[in-house]
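The values are calculated or read from the model by the stated rules, or taken from the named source; none is laboratory data. Since the model is a prediction, treat every value here as computed from it, not as a measurement. Here the Cβ is made from the backbone with ideal geometry for all residues, glycine too, and neighbour counts use every protein chain on show.
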Amino acid sequence: MTALLRTEGISKAYGGVQALDGATIAVEEGTVAGLIGPNGSGKTTLFNVITGYETPDAGQVWFGDRAITNLAPDKVFAAGIGRTFQLTRIFPRLTVIENMLIAAQARDRPRNLLSWFGKDAWTHHRRHALELLEFVGIEGHANVLAGSLSYGQRKLLELAYVLVADPAVILLDEPAGGVNPTLINHIADRIRQLNAEQGKTFLLVEHNMEFVMGLCSVITVLESGAAVVSGPPGIVKTDKRVLDAYLGTDLDDLGVDDEEEAR
């Protein structure tokens, strides 16, 4: 396998605060990868740099063999990288299906907006939107205001919204955060299905260690803005650097069965 998405030496400071300090990660094509670390370790900042919402002070972002450093967010999206946000970004005063159709318009705008005119084209876009809502499990809410959805359902809508563009890589920022256990399992199942059946590549930031350890084949740990270790869950969860980074965290939160195993 080859790295479909990678960062090399990304640094970013806000005044005197060094959010990223030479962060280098690689996400292999066709994998579900995790990015973890204590609060303030630079995870979301790295997501923002990759997707064009922040400009790095140094370093490069690569998508395949193309340098995408400093591309605007819409250009990164058009290149094939979709993302969700820690706080969901939906249109609460529009219906769920209207949110999806806006996503479809955003996808088509760089190519041919004229394709939207005509009954057949509109029917096609609406049908595709409904299929994605059915895939994530909220098709029954298609005609309700998005603002009336539960927080977990909003996470599912945002995932469906991203899938409209059929991205090659999907970045998920805390997909399990604030979500009840039933929906967490549902989200994990949808990620597995997309990965297994369509070969979608994922990179997710998450604090729910059970979710991460059970879903990701490779996990990278950030500490003070730099990647300190990367590898399979079984290796990462017992690495001394990881335990040091999470000093004060219960070992069970890292998916470690007992202290002896952690050593």
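If we scan region 124-134, do we find a residue that is modelled with pLDDT of 90 or more, part of a helix (DSSP H, G or I), outside the structural domain of F211 (by TED's automatic domain parsing) and not aliphatic (A, V, I, L, M)?
yes
Checked against (1) over 30 Å from A188 (Cβ atoms); (2) free of Cβ contacts under 8 Å to residues at least 60 places away in the same chain, Y53 meets all criteria but (1).
Look at A146 and say whether it is touching an Asp or Glu at 6+ places or on another chain (Cβ under 9 Å), at pLDDT 90 or above, under 24 Å from F77 (Cβ atoms) and among the aliphatic types (A, V, I, L, M). Here the answer is yes, as A146 does meet what is asked.
Out of A19, A13, A78, A23, which single residue is aliphatic (A, V, I, L, M), in a strand (DSSP E or B) and either within 28 Å of H125 (Cα to Cα) or out of contact with any helix residue (DSSP H, G or I) (no Cβ under 6 Å at 6 or more places or on another chain) (or both)?
Result: A13 is the single residue among A19, A13, A78, A23 that is aliphatic (A, V, I, L, M), in a strand (DSSP E or B) and either within 28 Å of H125 (Cα to Cα) or out of contact with any helix residue (DSSP H, G or I) (no Cβ under 6 Å at 6 or more places or on another chain) (or both).
Counting residues in region 2-22 that are at pLDDT below 90 and either among the basic types (K, R) or over 29 Å from A196 (Cβ atoms) (or both) gives one or more. Against the list (1) surrounded by 19 or more Cβ atoms within 10 Å (Cβ to Cβ); (2) at pLDDT below 90, the condition D166 fails is (1). Among the residues of region 204-238, just one is part of a loop (DSSP other than H, G, I, E, B), charged (D, E, K, R) and under 23 Å from Q193 (Cβ atoms), namely E206. So, in region 196-223, of the ones that are farther than 18 Å from A176 by Cβ and among the acidic types (D, E), which residue ends up surrounded by the fewest Cβ atoms within 10 Å (Cβ to Cβ)? Checked region 196-223; the qualifying residue surrounded by the fewest Cβ atoms within 10 Å (Cβ to Cβ) is E197. Test T44 against the stated conditions and say whether it is farther than 12 Å from L5 by Cα and either among the polar types (S, T, N, Q) or not in a helix (DSSP H, G or I) (or both). So T44 fits the description; yes. All of V49, V61 fail the test of being in a strand (DSSP E or B), of a type outside the set (G, A, S) and either at pLDDT 95 or above or not assigned by TED's automatic domain parsing to the domain that holds H128 (or both), apart from V61.
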